[in-house]
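Undergrad: Sharing a structure here in structure tokens format.
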Amino acid sequence: MKTVLSGIRPTGSLHLGNYYGAIINFINMQEKYNCYFFIADWHSLTTHPDPKTLHVNVSGVLSEYLACGLDPKKSTIYIQSSIPEIAELYLLLNMHAYLGELEKTVSFKEKARQNPQNINAGLLTYPVLMATDILIHNADFVPVGKDQEQHLEMTRNFAARFNHKYGVEYFKMPAAYIHGEDELIKIPGLDGSGKMGKSEGNCVYLLDEPKTVEKKVKGALTDNGPEGENTQKPDCIENLFSILRAVSTPEVVKHYEGLWDRGEQRWYGSLKSQLAEDIIKVTNPIRERINDIRNDTKYLARTVEEGAVKARESASKTLRDIREIMGFKPF
Ligand code: TRP
């Protein structure tokens, strides 16, 4: 069975765009692949998070993913910082990563420009740590967004360089996991602009109370309705339909498409109430599970412990092989 691996940054709460754009796919992958999902808490250190909130963020994100359906019985779910083998392999791989290529990384240049007072070595070697995450389990596939493609390409470079240097074919070349067209659901924001995103402030969060969801949907930008039959929808209306297609039944979508196409859509109150109701149908059970899991510290502790045991089994085997290949011998 092929191996899929994904790292999750512990930053803030998940929104509907994360859920439809990535998490649903993770849930499905669990049936077909040997999956590793982990919280990349070491990666989050480049920005010096507050020690008082680091743990809350990590356990919050973990609870949210578990509530959505990441299943510790099907996948290996762990916290990066509980796998010391990752730190050691990172050290070894750092010896084969060159300053020139690290300095040229787009994400590094961007972060360095945004935060000139905090260009730390961890930021520079971020791609090496990410490569370590992937190579330590010799993953076949990594589901990545556009912003991570270069890091994956660097992973392949590091892997190939290592294999070449030591005359082995140890590391596989990890590939980007490409989703089928019908699996890729993009959820736009509620403000008539583009994608739903935390920094855009146009999100419905999985943790939003029903009242909050209603308020956000009611406040979404709309127009005065179509000016005739079969007109093209402006972006703000197309966006509402995109969300409707994700959360509502085909009958509901057809009903509102019909209203629009006949030029009869005037007042968006009914569409918005329906949309809010159907979003809540998706988010409410998840929100309740998140809260249950967050409070069940015993379950969380057991989950990360069992995840670490499974992850370390695979990681320590890789590390043993790499040490041997590089010439470390037991006395
Ligand atoms: N860098 C990724 C991000 O910013 C998170 C990440 C860390 C990751 N290690 C990984 C993703 C390994 C995939 C594989 O989103």
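The values are calculated or read from the model by the stated rules, or taken from the named source; none is laboratory data. The structure displayed is predicted, hence computed values, not measured ones. Note that each Cβ is placed from the backbone with ideal geometry, even for glycine, and that neighbours are counted across all protein chains shown. Surface areas here come from the heavy atoms of the whole protein model, side chains and all, with no ligands, DNA or RNA. Shrake-Rupley method; radii C 1.70, N 1.55, O 1.52, S 1.80 Å.
Undergrad: Here are some residues: P210, P234, P250, P226. Which one is closer than 26 Å to A67 by Cβ and not β-branched (V, I, T)?
TA: None of the others qualify; the one that does is P210.
Undergrad: So, one more: Do we find a residue being at pLDDT 95 or above, open to solvent by 60 Å² or more (accessible area, probe 1.4 Å) and within 16 Å of the ligand (Cβ to nearest atom) anywhere in the range 182-197?
TA: no
Undergrad: Just checking, how many residues over the range 1-19 are open to solvent by 20 Å² or more (accessible area, probe 1.4 Å) and either within 12 Å of the ligand (Cβ to nearest atom) or assigned to a helix (DSSP H, G or I) (or both)?
TA: 5
Undergrad: Now a separate question. Which condition does A87 not pass, out of (1) assigned to a loop (DSSP other than H, G, I, E, B); (2) open to solvent by 40 Å² or more (accessible area, probe 1.4 Å); (3) within 27 Å of A159 (Cβ to Cβ), if it passes all the others?
TA: Going through (1) assigned to a loop (DSSP other than H, G, I, E, B); (2) open to solvent by 40 Å² or more (accessible area, probe 1.4 Å); (3) within 27 Å of A159 (Cβ to Cβ) one by one, A87 breaks only (1).
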